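Right, one structure below, let's go through it.
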Amino acid sequence: MNERLRNKVALVTGAGAVGPGWGNGKATAVLFAREGAKIFGVDINLSAVEETRSIIQQEGGACTVMKVDVSNPDEVKPMVNQCLKTYGRIDILHNNVGIVVLGGPVETSEETWDRVMAINLKSMFLTCKYTLPHMERQGGGVIINIASVAAIRYTNIPYITYYASKAGILGLTQGIALQYAGKNIRANCVFYLA
Ligand SMILES: NC(=O)c1ccc[n+]([C@@H]2O[C@H](COP(=O)([O-])OP(=O)(O)OC[C@H]3O[C@@H](n4cnc5c(N)ncnc54)[C@H](O)[C@@H]3O)[C@@H](O)[C@H]2O)c1
């Protein structure tokens, strides 16, 4: 590896994986570490993110983990503070967390709508809200928000909350990218294809 992220600190949300093997968050955390980044990995499932930490540490990388529900405002600010306490900065905020709940508008309950919006979209607003002031103070940073092709295309799957929340991530990211471009803070979306 080229160590393109040497001396960088990356906060990765959903850095475990939903099942055995690899998921996007786990793969990203391990790859960032291979490039030299120090990883602050968080997940609602502590044992999942501990597995990621053990892979990174076995390869000689640095990783600290924390159990966090990123949809909970009371947990996000302490998460950012803990990362700063541990590593002193946040160069990369990688917002990976996102869930799928099947259902069109008729089948979806209001509770499900609110829950998916909180996990997929509000969580990214919260992590950005508390991380941006530090990036600004340290003179720059990078935000990567994981969207989906479902943000811009119908994928033949009836999951209205997924389409809506992923499309919302585009607006959130564009707003941040343009507001903070002059402050050396870059914000982008990644569109994974299922
Ligand atoms: N898997 C795909 O085919 C696919 C396709 C397009 C986009 N994506 C997007 O990629 C991202 C990752 O998906 P993945 O399927 O690879 O999952 P993943 O394997 O990266 O797992 C996500 C992790 O997030 C954690 N998590 C869930 N809710 C959380 C919360 N509230 N707080 C903290 N952690 C939480 C889970 O415990 C899990 O470890 C999502 O945003 C998803 O929408 C995935």
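Derivation of every value follows stated rules applied to the coordinates shown; laboratory data play no part. Given the structure is predicted, the values throughout are model-derived calculations rather than measurements. Cβ coordinates were reconstructed from backbone atoms using ideal geometry, including for glycine residues, and neighbour counts include every protein chain displayed.
Structure values in brief
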| read-out | value |
| --- | --- |
| Filtered GluC sites (Glu not before Pro), segment 53-127: DSSP coil and at most 14 other beta carbons within 10 Å | 59, 107 |
| Relative contact order of segment 9-190, pairs being alpha-carbon contacts under 8 Å that are 6 or more residues apart, as % | 20 percent |
| Fraction of alpha-carbon pairs over 23 Å apart in the chain - percent | 41 percent |
| All lysines inside 30 Å of residue 166 as judged from Cα atoms, apart from same-chain residues fewer than 8 positions distant | 8, 26, 38, 67, 77, 122, 129, 183 |
| Per-selection Kirkwood Rh - segment 133-194 (Cα, Å, 1 d.p.) | 12.5 Å |
| Residue-averaged 222 nm ellipticity for the chain, from DSSP H runs of 4+ at -39500 (n - 2.57), nearest 500 | -14000 deg cm²/dmol |
| Alpha-carbon centroid distance for the pair segment 167-194 / segment 76-117, whole angstrom | 15 Å |
| Max mean-square fluctuation residue, GNM over the chain, Cα-Cα springs under 10 Å, options 121, 172, 93 | 172 |
| Added length on full extension, which subtracts the Cα-Cα distance from 0.36 nm per residue, residue 81 to residue 59 | 5.3 nm |
| Fraction of alpha-carbon pairs over 12 Å apart in segment 110-152 - percent | 68 percent |
| Coil-residue chymotrypsin sites (Phe, Trp or Tyr not before Pro) of segment 1-97, DSSP, other Cβ within 10 Å capped at 15 | 22 |
| Highest to lowest packing among 174-181, 137-144, scored as the average C-beta count within 10 Å | 137-144, 174-181 |
